[in-house]
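To start, the structure itself, in structure tokens.
Coordinate-derived values only; no laboratory data. Since we're looking at a predicted model, the values are computed, not measured. Because the Cβ atoms are built from the backbone with ideal geometry, glycine has one as well, and the counts that use them run over all protein chains shown.
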Amino acid sequence: MLFSSATFLFHFLPFVLVGYYIFLRGMRRAQNLFLLTCSLFFYAWGEPRFLPIMLLSIGMNYGFGRWVYRQKFRKKKLTVPVAAAAGCNLGLLFIFKYLAFTVESLNGLGLGLTVPIIELPIGISFFTFQALSYVLDVAMGRAEVQRSPLTLGLYISFFPQLIAGPIVKYSDVSHQIDHRVESWADFSAGCPRFLIGLAKKVLLANQMAVVADRVFACDPAVLSTPMAWLGSLCYSFQLYYDFSGYSDMAIGLGQMFGFRFLENFDHPYTAKSITEFWRRWHISLSTWFRDYVYIPLGGNRVSPVKHVRNLFVVWLLTGLWHGANWTFVLWGIFYFLLLCLEKYVPAMKKLPPPLGRAYTLLAVNFLWMLFRADTVAYAGEFLLTMLGIGGSGSTDPAFGFYLSENAVFLALAFLFSFPFAFWLREKLSSLRPFGQDLSLLWDLLYAVGLTAVGVLCVCYLVKGTYNPFIYFRF
């Protein structure tokens, strides 16, 4: 079920809100059970055959958490239960996501193995990392063991962030599950946050997808250089507004029910380095690998050789987390190389801000192209076309058509990739014409603008076609 669908907006969400706030108000256990039931229904919508995988994840991690707790209580080592939890969670992920890829890679070495056909359960990478976070946080003493499997089930399956994040660590929300406090202020803040995310998806990401899908469906040999650049740029914007839009909607929905999720994006395309970019992009994934892989390996408080090793492990895993394809492996390795350059080449640390931003945007754009390509060979050909070495040349009537048709959306995508709204609010708030405070004017403009955006989103949804979130496939 898509957040950006009439079924969710006009049926599922109103039903959940009415049940939660009207019929179950003040009954926390009943509310949690209701949210768990609705979340499992949300996950099963359209693909009920994958629901047992979700229930298996909840059940086995509840057991692993209890096992870790007993070992700690008896003051015994946690190596075996933690290793078992990691092995079972990652093993489940491997079977569904990486087994076919592994067999295909082995066949490339000359083996004649049968490649299994395994359909990927939606969102398995996200809920697997959340479930493993619970066991690891209990083992590290960051959170108490959860005595109720139903409460743990709510944490793992809570519908706002179930399918595409943000990845919520158990230690960040363990207290909120039973002791959160709902308020009108939080609810009224969550609604516009959800609406902003919806607008990012429906009005920007989906429009950028029209051009990106058209370009990447073509053989790079028939694309002109300007068309390849346009497709790559549109995909960069599509990915940002698609994923950050989902995160905004998840955070907004969480606020509606009294949960406070950490931010997942912070205007990443304003970054002046790759290091800064990854502090702003998919923050929940970066912090997950930092807390559970990078720091346990020693982080940067080790020798340079071991530090480079730690970075390599993290970015190899980051690439693989995104997909079972050599393009994702190379994508992760290229980021590893760029981060090593920034950390160990003095000149990279002294780039002027404008040059740093230009270098970061170009690098990110090139690597999104690798992220989007189905094969390494296609990525190589596409890159040559972008550089003017391959492709059909520098002129293309289609380029002018697609550029003119999408110029407004491109301009808006560029504008709102910067903190334009925050800047505008600060400017209006600082003005004092005739001694009057203009903050009320901003609030009025904001409310009118959100209402107009909401109406526009509904219009697009009514006439639009199915366009799933990109990160659903992870």
Students often check this: by mean Cβ neighbours within 10 Å, which of 38-51, 292-305, 6-19, 248-261 ranks highest, and how do the rest follow? 248-261, 38-51, 6-19, 292-305
Can you pick out the pairs among K427/K463; K72/K343; K306/K349; K76/K97 whose Cα atoms lie more than 29 Å from each other? K427/K463; K72/K343; K76/K97
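Treating only the Cβ of Lys, Arg, Asp and Glu as charged (+1, +1, -1, -1), what charge dipole size does the chain show about its Cα centre? Round to the nearest 20 debye.
Values: 38 positive and 25 negative charges, 387 e Å.
Dipole about the Cα centre, nearest 20: 1860 debye.
What does the highest-first list of 197-205, 172-180, 56-64 look like by mean Cβ count within 10 Å?
On the way: 197-205: 24.2, 172-180: 16.7, 56-64: 20.1.
Averaged packing, sorted descending, gives the order 197-205, 56-64, 172-180.
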What is the spin-label model distance, in nm, from E47 to V181 if the labels are put 7 Å beyond Cα along the C-beta direction? 3.9
Long-range Cα-Cα pairs in the stretch 6-180 (distance over 25 Å), rounded percent: 41
Working note, the stretch 72-146: Cα radius of gyration (Å, one decimal) and Dmax (Å, whole number) are 16.6, 51
For all pairs of alpha-carbon atoms in the chain, what percent lies in each bin of width 10 Å, listed from the first bin to the last filled one? 4, 17, 27, 28, 17, 6, 1, 0, 0
On a C-alpha basis, how far is the centre of the stretch 210-244 from the centre of the stretch 321-338 in Å? Whole number, if you could? 19
Say the dipole of the chain comes from +1 at the beta carbon of Lys and Arg and -1 at that of Asp and Glu; which of F42, C191, L56 then lies farthest toward its positive end? L56
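Suppose the chain between N107 and K350 were pulled fully straight at 0.36 nm per residue; how much longer would it get relative to their current alpha carbon spacing?
Working: separation 243, 0.36 × 243 = 87.48 nm, distance 4.62 nm.
Here the answer is 82.9 nm.
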Within straight-line cross-link reach of K200, aspartates and glutamates at Cα separation under 17 Å, skipping those fewer than 8 residues along the same chain: D242, D248, E263, D266
Quick one: Karplus J couplings for the stretch 46-58, per residue in order, coefficients 6.51, -1.76, 1.60, θ = phi - 60°, nearest Hz, x for Gly and Pro? x, 9, x, 5, 8, 4, x, 5, 4, 5, 4, 4, 5
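As a test of the formula, what do you get for the chain when each DSSP H run with n ≥ 4 contributes -39,500 (n - 2.57) and the sum is divided by the residue count, at 222 nm and rounded to the nearest 500 deg cm²/dmol? Numbers along the way, then the final one.
Details: 22 runs with 307 residues, N = 474.
Dividing the helical sum by the residues of the chain leaves -21000 deg cm²/dmol.
So how strong a dipole does the stretch 276-411 carry about its Cα centre when Lys and Arg Cβ are +1 and Asp and Glu Cβ are -1, to the nearest 20 debye?
The dipole magnitude comes to about 820 debye.
To the nearest 20 Debye, how big is the dipole of the stretch 6-180 about its Cα centre, given +1 on the beta carbon of each Lys and Arg and -1 on that of each Asp and Glu? Don't skip to the answer; put the middle values down first.
Details: 16 positive and 7 negative charges, 197 e Å.
Here the stretch 6-180 has a charge dipole of around 940 debye.
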So, by mean Cβ neighbours within 10 angstrom, what's the order for 183-194, 347-358 with the highest one leading? 183-194, 347-358
